[in-house]
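S.K.: Would you mind keeping the following structure in view while I ask a few things?
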Amino acid sequence: MTLSTHVLDATSGRPAPNVALTLHRRAGTGWEPVGEGVTDDDGRCGTLAPAGLQAAIYRLVFDTGAYFVASGQQGFYPEVSIVFEVIEPTRHYHVPLLLSPFAYSTYRGS
């Protein structure tokens with residue numbers, strides 16, 4: 001299974017570069033880190049799970065606070081966490097984030 005993300009800044013209408021992110025897998029009542037990355041100049045990161053992932057529940061955490069500071073914006077969300085479930089480990093999963101200082105949205109991409 002492969003995993004990618006794309007972060008778009010809705011305020012500027014442009015990709016959000018240099019957003020640090022971490023990927024965790026649910027382990028019992030907690031989370032274990034399984035990958036990390038940073039968005040490129042196009043707001044994309046496709047290196048989150050270089051060894052592939054198994055069927056499980058995952059959490060993708062975006063460091064939006066540092067992005068807002070670096071881009072000169074005052075944000076309300078210091079981080080965004082998206083929790084999703086991988087049911088078919090042989091498929092590609094794309095988890096995009098549309099970001100603004102006071103709102104965000106996501107969906108399952110392709």
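S.K.: Starting at the first residue of region 83-90, write each ³J(HN,Hα) from the Karplus equation 6.51 cos²θ - 1.76 cosθ + 1.60 with θ = phi - 60°, in whole Hz, x for Gly and Pro.
M.R.: Per-residue couplings from phi come out as 9, 8, 10, 8, 9, 10, x, 8 Hz.
S.K.: Which whole number in µm²/s is D for region 34-73 by Stokes-Einstein, with the Kirkwood Rh taken over Cα pairs at 10 °C and 1.306 mPa s?
M.R.: For these conditions, the coefficient is 132 µm²/s.
S.K.: Right, next: Taking the alpha carbon gyration tensor of the chain, what are the square roots of 5 times its eigenvalues, largest first, to the nearest whole Å?
M.R.: 24, 14, 12
S.K.: State which stretch of the chain is the longest one without any exposed chymotrypsin sites (Phe, Trp or Tyr not before Pro), exposure meaning a DSSP loop state and at most 13 other Cβ atoms within 10 Å. Let's see the in-between values first.
M.R.: Numbers: sites that count: 76, 102, 107.
Counting at most 13 other Cβ atoms within 10 Å as exposed, the longest clean stretch of the chain is 1-75.
S.K.: Same structure, new question: Give me the 1.4 Å probe accessible area per residue for the chain, excluding ligands and nucleic acids, in Å².
M.R.: On the way: 6080 Å² over 110 residues.
Per-residue value: 55 Å².
S.K.: How high is the relative contact order of region 15-110, in percent, counting Cα pairs under 8 Å that sit 6 or more residues apart?
M.R.: Taking the mean separation of contacting Cα pairs over the length of region 15-110, I get 23 percent.
S.K.: If every alpha-carbon in region 63-110 counts as one equal scatterer, what log10 I(q)/I(0) does Debye give at q = 0.18 1/Å?
M.R.: Those come out to -0.63, one per q.
S.K.: In sequence order, what are the phi-derived ³J(HN,Hα) couplings for region 5-22 according to the Karplus relation 6.51 cos²θ - 1.76 cosθ + 1.60 with θ = phi - 60°, rounded to whole Hz, with x for glycine and proline?
M.R.: Working through the residues one at a time gives 9, 9, 10, 10, 8, 5, 5, 9, x, 10, x, 9, x, 6, 8, 6, 9, 10 Hz.
S.K.: How large is ³J(HN,Hα) for each residue in region 58-67, as worked out from phi by the Karplus curve 6.51 cos²θ - 1.76 cosθ + 1.60 (θ = phi - 60°), to whole Hz, x for Gly and Pro?
M.R.: 10, 10, 9, 10, 9, 7, 6, x, 5, 5
S.K.: Per DSSP H run of at least 4 residues, take -39500 (n - 2.57); add these up for the chain, divide by its residues and hand me the 222 nm value, nearest 500 deg cm²/dmol.
M.R.: -1500 deg cm²/dmol
S.K.: May I ask for the net charge around residue 26, where only other residues with Cβ less than 15 Å from the Cβ of residue 26 are counted and Lys, Arg are +1 while Asp, Glu are -1?
M.R.: Neighbour charge sum, excluding residue 26 itself: 0.
S.K.: Between 86, 69, 19, where does the largest GNM mean-square fluctuation fall for the chain, given springs only between Cα atoms within less than 10 Å?
M.R.: Of 86, 69, 19, the Gaussian network model singles out 69 as fluctuating most.
The values are calculated or read from the model by the stated rules, or taken from the named source; none is laboratory data. The structure displayed is predicted, hence computed values, not measured ones. For neighbour counting, all protein chains shown are included, and Cβ atoms are generated from backbone atoms with ideal geometry for every residue, glycine included. Heavy atoms of the whole protein, side chains included, go into the accessibility calculation; ligands, DNA and RNA do not. Shrake-Rupley method; radii C 1.70, N 1.55, O 1.52, S 1.80 Å.
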